[in-house]
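Beneath this line is the structure, given in structure tokens, with notes to follow.
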Number of protein chains: 2
Amino acid sequence: MTVLILTGEEDVTADMVVAHLNASSVPVVRLDPADLTAGAALSGEYVHGTFRGHLSSGERLVSVEAIRAVWVRRPGVPAARAAQPSAWLTQETAQALYGMLRDCGARWMNDPDAARRARYKPWQLRLAQRCGLPVPATLITTFPQAAREFAERFPDLVVKPVSGAHPQEPPRAVPTSRVAPGTDFAAVAYGPTLLQRRIAKRADVRLTAVGGTLLAARKETAADADPDQVDVRFAPPGAPWRPAEVPRAVARSVHAYLRRARLAYGAFDFAEDADGTWWFLECNQSGQFGFVEVDTGQPIARTIAEWLAGTARPGTPVAES
Amino acid sequence: MTVLILTGEEDVTADMVVAHLNASSVPVVRLDPADLTAGAALSGEYVHGTFRGHLSSGERLVSVEAIRAVWVRRPGVPAARAAQPSAWLTQETAQALYGMLRDCGARWMNDPDAARRARYKPWQLRLAQRCGLPVPATLITTFPQAAREFAERFPDLVVKPVSGAHPQEPPRAVPTSRVAPGTDFAAVAYGPTLLQRRIAKRADVRLTAVGGTLLAARKETAADADPDQVDVRFAPPGAPWRPAEVPRAVARSVHAYLRRARLAYGAFDFAEDADGTWWFLECNQSGQFGFVEVDTGQPIARTIAEWLAGTARPGTPVAES
């Protein structure tokens, strides 16, 4: 009956959740895969049709069978802090750790295979459409002619990366930018480009889903905001995040999205337009929530702790859509 | 109604399957993700709740909705042959291509998420146990003391990598080796080590599963074989592969394994002992089959072509175990 948290040493967000788990006397083991073979250890035995596994981290030794839930927060690269790190050692260690934990019977936030799939933006857009969420018209293309035709149909566009952060060291977020009128799309031929109809937004919405619990926050766009500043992550602070009601139809769609994606946690970003419609932008399966909790006072960390401990209220029952 | 094959230009195994598809007049598009943005192109549009996608490769243009099956053979690194390759371009291209193809409605051999999970050896061992396949006693550990105790219980051991090939350029297979008596296991502390009871084998068995069709081949161990030579990939040629009957219980377990792993293709390696028991060693979801087809004359390529074309006989119905 233990919660395993895979994350690095310095992770104040994890600390918030651990505090709640400690308050409820739920045993927690915190393990950074980077510490494996130097500070952390593992063992798994497959004999006569059965499996017995152990993990040790710091002073704690836990049986794999006793792990009730695994929270994949911000795990380090396996064996990165070993005495003699190497690509080979990382591969072997990743295989041993994640191979042993997969299907160990624990609940995952999030299951690593579901998490990996959930990162594909084109897949997100299609799933959001299927779940009934409004998705701004989007084109992902390497055909300049397709980009030109799309820009004729939707003259007010933004461009954003298809994937997440730029893989430099440390990774860098690439801002969403407005496409200037009359842009020549010839360069599209050299790399897939994601163009999306710009939503003239009156607010950004962050909906944090934890199991069946949805906690939404809304940040109003300033009346004098620069319309070229489309990416809230790079905008001046402005209004704080405030708790928001989740419209019924959105809630139904979000529950369907999580179920089909097999995600226990998701941070959904929407742009709210002048009509009040929430336009789906993306769902980050490992999105930060600390800044929302600080601004709104919403009990996100506590809800995560309850989910991990298995004491969360059951998810809102939603008909299959 | 098209079969999409993701592979490189030089792939004689794919050629064998393509020949069968051509003979049945099934349209085939062959695309190497490495060619994207230079020779290959993609486009996907998400408008008003619907998706329309296209891929072009060489002279062929195919609608994503028309793809009936995707065969992930040996795809190159996305955009590796672009005019200006980079880690960023590879990431963007991988996201665009695989994000668009995921859940496009086609059948996959193999689904990329299932394929990824299927590579975890510890997960394979546990799944094989659960499906009722005999698994030689195995230990994966970084605890030297656990290794010593295991070697006392099972004195005749082999050691093999937890993961697959060594990630050098080009990747190199790491042979399974016999553990010498009296080995000191102190070094286990520095990297996860996989120890497995050696099966005194009278034959190697390769079982190729294509959908519901199981084709097994057997290669007898020479009477004068060196018992230290445990890895068939590195042994002298010896006897050829011969077709073999699949024992009923093994067939049932293999069908269960594929179903739970969500795999349409798997190359299972077994060691046959003196009692005729097939001991599960591993299941390679992208294992080669050309050498077996050459030796045995078994119609593996044709069976794959039939599966991709959707004309294969349905899988043997097997009760859920």
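Points worth noting:
- Qualifying residue in the range B:201-215 (condition: of a type in the set (S, T, N, Q) and either over 23 Å from the mean Cα position of the chain (by Cα) or within 14 Å of chain A (Cβ to nearest Cβ) (or both)): no
- Matching residues, the range A:299-313, being within 16 Å of residue A:241 (Cβ to Cβ) and surrounded by 21 or more Cβ atoms within 10 Å (Cβ to Cβ): A:300, A:301
- Selected residue (only one of A:45, A:65, A:10 is more than 14 Å from every other protein chain (Cβ to nearest Cβ) and among the acidic types (Asp, Glu)): A:10
- Restricting B:45, B:9 to those that are assigned to a strand (DSSP E or B), open to solvent by 20 Å² or more (accessible area, probe 1.4 Å) and either on the phi < 0 side of the Ramachandran plot or not assigned by TED's automatic domain parsing to the domain that holds residue B:105 (or both) reduces the list to B:45.
- Filter pass, residue B:21 being in contact with a helix residue (DSSP H, G or I) (Cβ under 8 Å, 6 or more places away or on another chain) and not in a strand (DSSP E or B): yes
- Within the range A:142-160, the set of residues being at the interface with chain B (Cβ under 8 Å from one of its Cβ atoms) and not in a helix (DSSP H, G or I) comprises A:142, A:143.
- Residue match in the range B:22-38 (condition: farther than 30 Å from residue A:132 by Cα, surrounded by fewer than 17 Cβ atoms within 10 Å (Cβ to Cβ) and within 12 Å of chain A (Cβ to nearest Cβ)): no
- Of the helices (runs of 4 or more DSSP H) lying entirely inside the range A:216-321, the ones with 1 or more residues being of a type in the set (Phe, Trp, Tyr), within 20 Å of residue A:173 (Cβ to Cβ) and in contact (Cβ under 8 Å) with a residue 12 or more places away in the chain are found at A:290-296.
- Check on residue B:209, in a helix (DSSP H, G or I) and either of a type outside the set (Gly, Ala, Ser) or out of contact with any Lys or Arg (no Cβ under 9 Å at 6 or more places or on another chain) (or both): no
- Residue check, residue A:154 at pLDDT 95 or above and open to solvent by less than 50 Å² (accessible area, probe 1.4 Å): yes
The values are calculated or read from the model by the stated rules, or taken from the named source; none is laboratory data. These numbers were taken from a predicted model, which means no experiment stands behind them. So basically every Cβ, Gly included, is an ideal-geometry build from the backbone, and we count neighbours across all protein chains shown. The accessibility values were calculated without ligands, DNA or RNA, using every heavy atom of the protein model including side chains. Shrake-Rupley method; radii C 1.70, N 1.55, O 1.52, S 1.80 Å.
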